[in-house]
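Structure record follows, encoded as structure tokens.
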Amino acid sequence: MIYLDNNATTRVAPEVFEAMQPYLAELYGNPSSAHTFGRQMRLSVERAREQVAEALGVMDASEIVFTSCGSESDNWAIRGALEQQADKRHIITTRVEHEAVRNLCERLMRSGYEVTWLEVDEEGRLDPEDLRAALRPDTALVSVMLANNETGVLFPVEEIGRIVREASRALFHVDGVQAVGKIPINLRSLPVDLFAISGHKFHAPKGIGALYVRKGLNLAPFIIGGGQERGRRAGTEAVPYIVALGRACELAKDFDGHALIGRLRDRLEDEILSTIPNARLNGTRSREQRLPNTSNISFSGVEGESILADLDEAQICVSTGSACNSETHEASPVLRAMNVPYTAAQGSIRFSLGRYNTEDEIEQTLSVLPGIINRLAEMSAYEIK
């Protein structure tokens with residue numbers, strides 16, 4: 001199997017599995033227990049918190065709160081920020097956010113909040129000056145992702161954060177789920193209040209995430225119960241998964257293979273665009289403004305689901321876009337926001353590489369893909385351009 005869907009999820013790294021395995025068996029104590037066994041588990045949780053903080057460039061590990069996933073982190077950040085500023089009813093976000101942010105903001109609109117949706121250009125880029133113009137005295141929150149999960153386009157969150165600080169008193173939330181483990185993160189130097197991550201995007205298991213909450217920001221709890229996580233998130237800590245997240249963050253911080261992943265992605269992307277006539281790149285051509293592992297390519301006039309199925313039969317795993325939206329057959333909201341033509345958007349494939357991909361896998365993919373596209377294009381009812 002050739003796995004090129006690492007933006008959907010990643011393989012659990014062997015080092016991560018090794019770190020968490022004892023906590024699934026003999027190290028089963030409750031970290032809230034007062035006895036020695038429980039205190040040992042508490043130390044493991046706090047060590048993981050320090051590992052996460054170090055990977056994100058956070059000075060104070062207490063600013064890291066463990067959650068179940070990126071979606072919980074995003075939801076808690078947004079709802080908590082709004083609850084803290086009950087007199088403000090205005091939110092600013094973008095048209096291309098992950099469903100965890102976009103769908104929540106749509107629901108909040110039905111509850112009386114006003115949402116300003118920032119547009120992107122045809123390459124998926126955001127103009128920070130549009131944000132400046134949208135800020136108001138009653139803006140409670142600005143929510144902008146760091147890296148788009150479908151196109152890999154990076155948003156200038158440092159500049160956005162400065163604008164938010166200079167021109168408003170709004171809080172700034174960043175969905176960092178797709179960025180961690182793929183580009184360096186240093187929250188110490190970013191004007192960010194809330195930053196969400198998800199472990200399974202960088203070789204931890206599914207079911208564990210974290211939220212950075214800037215010191216001094218008293219975010220209301222999202223889950224009510226006991227006093228876990230210093231009273232910020234109730235529920236007995238999932239120690240095996242927390243330990244796994246800490247080890248995955250340690251691996252991500254020390255990983256030096258990003259350049260190789262970038263070269264493999266570039267080889268795949270360049271060959272597809274130069275040899276398949278109906279192929280077009282979705283997202284900026286400036287590779288410095290994209291994640292080094294991601295290529296979103298449309299094959300005009302061909303159905304993406306058919307391409308995915310044929311690649312799957314060849315044991316090559318890809319995606320037609322966000323895995324969270326894979327059951328719908330509508331054009332991606334991200335590609336619609338970029339004004340990608342319908343016949344191209346319907347034929348979009350996301351290739352997302354990871355640390356375990358090899359040159360041989362890329363060459364094998366390139367040997368299979370053109371034949372699939374040619375066959376499907378010949379069967380297409382659309383005019384191929």
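The values are calculated or read from the model by the stated rules, or taken from the named source; none is laboratory data. Bear in mind that the values here come from a model prediction, so they are computed numbers and not experimental data. Glycine gets a Cβ as well: all are built from the backbone with ideal geometry, and neighbour counts include every protein chain shown. Surface areas here come from the heavy atoms of the whole protein model, side chains and all, with no ligands, DNA or RNA. Shrake-Rupley method; radii C 1.70, N 1.55, O 1.52, S 1.80 Å.
So how many residues does the stretch 119-146 have that are within 22 Å of the chain's Cα centre (by Cα) and under 15 Å from Glu159 (Cα atoms)?
10
Residues of the stretch 5-24 being open to solvent by 40 Å² or more (accessible area, probe 1.4 Å), part of a loop (DSSP other than H, G, I, E, B) and of a type in the set (A, V, I, L, M, F, W, C), which ones?
Result: Val12, single match.
So, in the stretch 314-362, how many residues would count as being among the polar types (S, T, N, Q), surrounded by 18 or more Cβ atoms within 10 Å (Cβ to Cβ), at pLDDT below 95 and in a loop (DSSP other than H, G, I, E, B)?
The number of residues fulfilling the criteria is 4.
Do you know which residues across the stretch 72-87 are in contact (Cβ under 8 Å) with a residue 60 or more places away in the chain and either in contact with a helix residue (DSSP H, G or I) (Cβ under 9 Å, 6 or more places away or on another chain) or open to solvent by less than 30 Å² (accessible area, probe 1.4 Å) (or both)?
Glu72, Ser73, Asp74, Asn75, Trp76, Ala77, Ile78, Arg79, Gly80, Ala81, Gln85
Could you give me the residue pairs with C-beta distances under 8 Å whose first residue belongs to the stretch 105-127 and is more than 19 Å from Ala337 (Cα to Cα), whose second residue is part of a strand (DSSP E or B) and not aliphatic (A, V, I, L, M) wherever it lies, and which are 6+ apart or on separate chains?
Filtered contacts from the stretch 105-127: Tyr113/His90; Glu114/His90.
Would it be correct to say that Glu269 is open to solvent by less than 10 Å² (accessible area, probe 1.4 Å) and acidic (Asp, Glu)?
Yes; evaluated as a whole, the condition is true for this residue.
On the basis of being within 17 Å of Ala61 (Cβ to Cβ), open to solvent by 30 Å² or more (accessible area, probe 1.4 Å), in contact (Cβ under 8 Å) with a residue 12 or more places away in the chain and touching an Asp or Glu at 6+ places or on another chain (Cβ under 6 Å), does Lys253 make the cut?
Answer is no for this residue.
Which ones in the stretch 144-178 are in contact with a Lys or Arg (Cβ under 7 Å, 6 or more places away or on another chain), assigned to a helix (DSSP H, G or I) and open to solvent by 20 Å² or more (accessible area, probe 1.4 Å)?
Ala167
Which residue, of Ala259, Ala234, Ala238, Ala248, is touching a His at 6+ places or on another chain (Cβ under 9 Å) and either of a type in the set (Gly, Ala, Ser) or surrounded by fewer than 20 Cβ atoms within 10 Å (Cβ to Cβ) (or both)?
Checking each option against the conditions leaves just Ala248.
Does any residue in the stretch 301-324 that is at positive phi come within less than 7 Å, Cβ to Cβ, of a residue that is at pLDDT 95 or above and surrounded by fewer than 20 Cβ atoms within 10 Å (Cβ to Cβ) six or more places away or on a different chain, and which pairs are these?
Close Cβ pairs satisfying both conditions: Gln315/Met1; Gln315/Ile2.
Run Ser33 past the list (1) open to solvent by 10 Å² or more (accessible area, probe 1.4 Å); (2) in contact (Cβ under 8 Å) with a residue 12 or more places away in the chain; (3) in a loop (DSSP other than H, G, I, E, B) and report the number of the one that doesn't hold.
(2)
Restricting the search to the stretch 88-118, which residues are touching a helix residue (DSSP H, G or I) at 6+ places or on another chain (Cβ under 7 Å), in a loop (DSSP other than H, G, I, E, B) and among the charged types (D, E, K, R)?
Arg95
What are the residues in the stretch 191-216 that are touching a residue at least 40 places away in the same chain (Cβ under 8 Å) and farther than 22 Å from Ser68 by Cβ, if any?
Scanning the stretch 191-216 gives a single hit, Lys215.
Exactly one condition in (1) closer than 25 Å to Leu4 by Cα; (2) loosely packed, with under 15 Cβ neighbours inside 10 Å is false for Ser189; which is it?
(1)
Taking the residues in the stretch 126-143 that are in contact with a strand residue (DSSP E or B) (Cβ under 6 Å, 6 or more places away or on another chain) and part of a loop (DSSP other than H, G, I, E, B) as candidates, determine which candidate is least open to solvent (accessible area, probe 1.4 Å).
Within the stretch 126-143, the match that is least open to solvent (accessible area, probe 1.4 Å) is Asp138.
Consider Ser73 carefully, then state whether it is modelled with pLDDT of 95 or more, farther than 15 Å from Phe172 by Cβ and not basic (Lys, Arg).
Taking the combined requirement at face value, the residue does not satisfy it.
Step by step: first the residues of the stretch 194-221, then only those that are in contact with a His (Cβ under 9 Å, 6 or more places away or on another chain) and surrounded by fewer than 24 Cβ atoms within 10 Å (Cβ to Cβ), then the one that is farthest from Thr236 (Cα to Cα). Which residue is that?
Lys206
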